[in-house]
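Inspection log for the structure reproduced underneath, given as structure tokens.
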Amino acid sequence: MDAQQSALGMIETWGVPALVAAADAAAKTADVRVTAYDKADAGLVTVYIRGDVASVKAAVEAGSEAARRVGKLISAHVIPRPDAGIDAMIRPDPGGTAPASARGNMAGSGMPDLDALPVQELRRLARSTPGFPLLGRQISTAGRAELLRLLKEKQE
């Protein structure tokens, strides 16, 4: 697809069921690619859609309506011809734990370079690591040094 004709669409919902309904409707409505999704705190999730401007607009509109029917639509937006730097902000691995800043620093174990991550990303990574020794509020209040130590132990 010609970069000059591409667009980025985003649909943010509260909860995964509304997100899945939005992504499904968007993909079925127009010739677009659902490229990634991102989880934020408090149940907010965003799906990213790429394609030509007209297709992305139609897909985001259909996806937004589906999200409203199933759950709660928070916001939707289309950016025609986004700057190339925008792609670096979006994770290529849906549901992955590495922020865009750490994508190039993946260790052989599949985990990001932990020392390069901000504490918020360390907490997100800890929550998604099976068998992590801290839970819930413990992760939220843990300091950077403790999170790094425990994540590195799990990495080994």
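No value in this document is a laboratory result; all are computed from the given coordinates. Keep in mind the model is a prediction, meaning the values are calculated, not measured. Here Cβ is always computed from backbone atoms with ideal geometry, including for glycine, and neighbour counts include all displayed protein chains.
What FRET efficiency would be calculated for the residue pair residue 144, residue 65, taking the C-beta separation as r and a Förster radius of 41 Å, to the nearest 0.05?
That pair, residue 144 with residue 65, gives E of 0.45.
Residue by residue, what Karplus-based ³J(HN,Hα) values in Hz, rounded to whole numbers, does the range 30-38 have, using 6.51, -1.76 and 1.60 with θ = phi - 60° and x for Gly and Pro?
Working through the residues one at a time gives 8, 7, 10, 10, 7, 9, 6, 9, 9 Hz.
By average Cβ neighbour count within 10 Å, what is the ranking of 47-59, 119-131 from highest down? Can you show the working numbers first?
Details: 47-59: 21.5, 119-131: 15.5.
Ranked from most to least packed, the peptides come out as 47-59, 119-131.
Less than 17 Å apart at the alpha-carbon level, and either on another chain or at least 8 residues along: which lysines does that give for residue 39?
72
How would you order 68-81, 24-37, 135-148, 7-20 from highest to lowest mean count of nearby Cβ atoms within 10 Å?
So the peptides 68-81, 24-37, 135-148, 7-20, ranked by packing, come out 7-20, 24-37, 68-81, 135-148.
Applying 1/(1 + (r/R0)^6) with R0 = 41 Å to the Cβ-Cβ distance of residue 31 and residue 116, what FRET efficiency is obtained, to the nearest 0.05?
On the way: r = 37 Å, r/R0 = 0.90.
Efficiency computed from Cβ-Cβ geometry: 0.65.
Multiply the residue separation of residue 41 and residue 77 by 0.36 nm, subtract the distance between their alpha-carbon atoms, and state the gained length in nm to one decimal.
11.0 nm
How much length would be gained if the chain were fully extended between residue 89 and residue 152, taking 0.36 nm per residue of separation minus their Cα-Cα distance, in nm to one decimal? Spell out each step's value before the answer.
Values: separation 63, 0.36 × 63 = 22.68 nm, distance 2.50 nm.
Length gained, residue 89 through residue 152: 20.2 nm.
Give me the net charge for the shell around residue 41: Cβ to Cβ below 15 angstrom, other residues only, Lys and Arg +1, Asp and Glu -1.
Value of the local net charge: +2.
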